[in-house]
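The structure appears below as structure tokens.
The values are calculated or read from the model by the stated rules, or taken from the named source; none is laboratory data. It should be emphasised that the depicted structure is a prediction, and the values quoted were computed from it without experimental measurement. Note that we place each Cβ from the backbone using ideal geometry, even for glycine, and neighbour counts take in every protein chain shown.
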2 protein chains.
Amino acid sequence: MTPTNDVPTSTNAVPTAGTPAGVLRGTVETYWASAVARDWDAFADTLAEDVVYELPQTRERIRGRERYVRFNRDYPADWHARVERIVAEPGQVVSWIQVTVGPEEMDAVSFFTGDAHGRITSVIDFWPEPYEPPAGREHLVERY
Amino acid sequence: MTPTNDVPTSTNAVPTAGTPAGVLRGTVETYWASAVARDWDAFADTLAEDVVYELPQTRERIRGRERYVRFNRDYPADWHARVERIVAEPGQVVSWIQVTVGPEEMDAVSFFTGDAHGRITSVIDFWPEPYEPPAGREHLVERY
């Protein structure tokens, strides 16, 4: 620890570019912005060569930048996305985005890890779907 | 910024107790450990009085510590959980846990915010379920 480090210490601080947590946070922001813009060169630049993508819900895995860019480029739907939340620490970031496809809205939660250059080395994606709440807890909950 | 702050700067550092990010991380670790142990006093201690719990998939919301503890205490299933990943920054934490109920395994992802005392002020829970992958991307993916 040197006295010149500039990691924020406020309890409300958000990691910013230039901090260890901020590097990967910035990469993830670029990842989403370039995916939404269909800028596949910029998107590829956020990824390590040997990036691994996993979908635990389908138990699908994609290995390597080239295949993973192709998977996203070829994705059939005309989707858009808005970042709801990003949580970052050095080497790990989570994003929660809201994706819209026509009139449909979906949530997606993605766990990222990164390398020393701030490139993404792994992405684990969750796509939780709406469901009906079980009976018996109406006295505790409200619906929104 | 003082030269004596002890926020880690290593790119692989994990926030630890005593750092701004580490306080809420520790609270979330206690939240899960006490829930698994059914220690509802310790569980209640992790929560702010006016904590708000939301389930976007069912659009259910629970307001207040007392109701939220009751919701968890009364939950019918004999579940256990293992923390897969925690990502923490000052004021925000995300956990990914694997929950087992008998032979069934489920993932749960929870977004937490906290107050200045390190108590949890909001929890947003996602429970993503398995689904069959769409056809047409078999040339890019492997199954695991």
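Remarks
- Under the condition of being closer than 12 Å to A:Leu55 by Cα and out of contact with any strand residue (DSSP E or B) (no Cβ under 6 Å at 6 or more places or on another chain), the residues counted in the range B:109-142 number 4.
- A:Thr16 closer than 22 Å to B:Leu24 by Cβ, among the β-branched types (Val, Ile, Thr) and at pLDDT below 95: yes
- Note on the range A:91-127: among residues that are away from every other protein chain (no Cβ under 11 Å) and free of Cβ contacts under 8 Å to residues at least 24 places away in the same chain, the one that is farthest from the chain's Cα centre (by Cα) is A:Pro103.
- Residue count for the range A:61-80, restricted to those that are among the small types (Gly, Ala, Ser) and free of Cβ contacts under 8 Å to residues at least 24 places away in the same chain: 1
- Looking only at the range A:16-36, and only at residues there that are of a type in the set (A, V, I, L, M) and without any contact (Cβ under 8 Å) to a residue 12 or more places away in the chain, the one that is surrounded by the most Cβ atoms within 10 Å (Cβ to Cβ): A:Ala33
- Pairs with Cβ under 6 Å, 6+ apart, first in the range B:37-60 and free of Cβ contacts under 8 Å to residues at least 40 places away in the same chain, second small (Gly, Ala, Ser) and surrounded by 16 or more Cβ atoms within 10 Å (Cβ to Cβ): B:Ala42/B:Ser34; B:Phe43/B:Ser34; B:Phe43/B:Ala35
- Residue within the range B:28-41 that is small (Gly, Ala, Ser), modelled with pLDDT under 95 and not in a helix (DSSP H, G or I) present: no
- Filtered residue count, the range A:43-85, keeping only those that are closer than 21 Å to B:Glu129 by Cα, facing another protein chain (nearest Cβ under 8 Å) and surrounded by 14 or more Cβ atoms within 10 Å (Cβ to Cβ): 8
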